[in-house]
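Right, one structure below, let's go through it.
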Amino acid sequence: MQMVLEGTLFVGTRNENKVYALKDTNGDFKVDDIHVIADDLEQPANDLEQPNGIAFKDGALYVAAVSKLYKFSNIEQSLENPPAPELIYDDYPTEFHHGWKYIAFGPDDKLYVPVGAPCNICDRTDEDERFGTITRMDPDGSNREIVAYGVRNTVGFTWHPDTDELWFTDNNRDMMGDDLPPGELNRISEAGQHFGYPFCHAGTIPDPEFGSQRPCSDFVPPVQQLGAHVAALGVKFDTGSMFPDEYKGHAFLAEHGSWNRSKKIGYRVTLVKLDGNNAVSYEPFIDGWLDDETQEEFGRPVDLLFLEDGSLLISDDEANVIYRVTYGG
Amino acid sequence: MKMAQLPLKTAFVVLFSFLILSCNGKKEKSEENQNETAQEDNSGDTATESSLPLDRLNLPEGFKIDIYADGIGGNSVCGHPK
């Protein structure tokens, strides 16, 4: 449930095969107008499979399904009856495993599109060098290039407000036990860096199968190791005016929560405080969606977005809601 | 346990849950499937502002959390004719 705000709040979904446009028409911070922009049940020709990834530029909404990218031009003028979208490309890998996308336009006006590794742990880059990478392209789909290698599955990234560098979360491999390997919050300081997968996880954990091929020292370590299996997805920096100063410029993470662990963890929003590009703390900001004793949860955070007033939206694909977090007032 | 031995109401709830899960889960990545099917039985509940226990969430002093939008991607699509 990636969110993009452009007057209208757009929400992509993984499970429903729909893209929503939400409006708060009377300014009470409650959505009161909901449109379905794309719905594969109603428009089978669009073949919108897992249209989680959405981005907005120059009046157009871009929707990334697994292997395809669509463009809905002038979307805000046609929310009632959206025209058929333009197909920008249809030649990205078709693997559903880690195929659901998070996409975004960078400060360089390029569209960033990751391609997950099509497996828990594998090296299939000889088949298609885009597996396990983050790519970028011009809005028309041209001039494609790979900007980061060794990325297992990123479902959340953003640009640092001061440096314009790309920061991204990465979900690490499963089946190495409850506490290995840690998740990752990463920073790309130059195009073409390699972040370790499948050889080394979180900068320090050689993979049992692939680790002998290349040492961890070959790769860029994470800014912050996250909890193992927490499934960190959305990441955003607080640049707004609502939250207290102690939160300014620090990174908020949506942790979707573990599936491959004897005791569940994640199911929370965490805060990584920074000193420059270095992390100085990693702590919960909001928790309680998971009841530790019963091991049942009532929600799973997916994506984060700061509104213009500085409040924070959190999308939840289990409770099927969007929350708004405010301070004071 | 045989279905016939369950009280009718329980059987209905179980059946309903299966319908919801099969509708939502068909295209998920395989690892998530295991997780989704392991979730609690109340998947058929419609998430609404009143039914979510927001008071169970722990926020730092001075912060507040509310529902901004609900029913996004809700279970209602499952009944849509294909």
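A short reminder: the numbers here are calculations on the coordinates, not readings from a lab. Every value quoted in this text rests on a predicted model; they were computed, and no experiment measured them. When we count neighbours, we look across all protein chains shown, and the Cβ atoms used for this are built from the backbone with ideal geometry, even at glycine.
Some values worked out for this structure:
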| quantity | calculated |
| --- | --- |
| GluC sites (Glu not before Pro) lying in DSSP loop within region A:219-303, provided at most 11 other Cβ fall within 10 Å | A:E293 |
| In region A:163-214, the GluC sites (Glu not before Pro) that fall in loop regions by DSSP, at most 13 other Cβ within 10 Å | A:E190, A:E209 |
| Cross-link table A:K18/A:K68; A:K30/A:K68; A:K23/B:K64; A:K18/A:K248; A:K101/B:K64, entries beyond 26 Å C-alpha to C-alpha | A:K30/A:K68; A:K18/A:K248; A:K101/B:K64 |
| Derived scalar couplings ³J(HN,Hα) [region A:233-250; Karplus, 6.51 cos²θ - 1.76 cosθ + 1.60; whole Hz; x for Gly, Pro] | 10, x, 9, 8, 8, 7, 10, x, 10, 8, 6, x, 3, 5, 9, 4, x, 9 |
| Residue among A:I54, A:I146, A:I286 with the largest mean-square fluctuation in a Gaussian network model of chain A, springs linking Cα atoms under 10 Å | A:I286 |
| Restricting region A:193-298 to trypsin sites (Lys or Arg not before Pro) in coil, as DSSP defines it, with at most 14 other Cβ within 10 Å | A:K248, A:K263 |
| Region A:1-91, Cα convex hull volume normalised per residue, Å³ | 89 |
| Whole-number percent relative contact order across chain A, with pairs defined as alpha carbons under 8 Å at least 6 apart | 10 |
| Least to most buried among A:T94, A:T326, A:T154 (fewest other Cβ within 10 Å first) | A:T94, A:T326, A:T154 |
| Cα radius of gyration and Dmax for region A:92-325 (Å) | 17.1, 51 |
| Using alpha carbons only: equivalent-ellipsoid semi-axes of region A:44-110, gyration tensor based, whole Å | 20, 16, 9 |
| Cβ-based exposure ranking for A:D316, A:D33, A:D238, in which fewest neighbours within 10 Å come first | A:D33, A:D238, A:D316 |
| Approximate shape of region A:161-249 as ellipsoid semi-axes (Cα gyration tensor, √5λ), whole Å, largest first | 28, 16, 8 |
| Share of pairwise Cα separations in region A:61-172, more than 24 Å, in percent | 27 |
| Rg over Rh, two decimals, region A:243-329 (C-alpha only, Kirkwood Rh) | 0.99 |
| Efficiency of FRET from Cβ geometry, B:D66 and A:D108, R₀ 41 Å, rounded to 0.05 | 0.70 |
| Whichever aspartates and glutamates have a C-alpha closer than 18 Å to that of A:K57, once near sequence neighbours (fewer than 8 apart) are set aside | A:E6, A:E76, A:E86, A:D108, A:D109, A:D138, A:D140, A:D164, A:E308 |
| Efficiency of FRET from Cβ geometry, A:E86 and A:C119, R₀ 22 Å, rounded to 0.05 | 0.10 |
| ³J(HN,Hα), Karplus 6.51/-1.76/1.60, whole Hz, each residue of region A:68-76, x for Gly, Pro | 10, 10, 10, 10, 9, 6, 6, 5, 6 |
| Contour excess over end-to-end distance, with Cα ends at A:T163 and A:E76 and 0.36 nm allotted per residue | 28.2 nm |
| Karplus 3J(HN,Hα) series, Hz, for region B:58-69 with 6.51 cos²θ - 1.76 cosθ + 1.60 (x for Gly, Pro) | 9, 10, x, 3, x, 9, 9, 10, 10, 7, 8, 8 |
| Simple label model, 7 Å out from Cα along Cβ direction - A:S241 to A:S281, nm | 2.6 |
| Order of A:C200, A:C216 - criterion: other Cβ atoms within 10 Å of each residue's Cβ, fewest first | A:C216, A:C200 |
| FRET efficiency, A:D33 to A:D178 (Cβ-Cβ, R0 45 Å, nearest 0.05) | 0.50 |
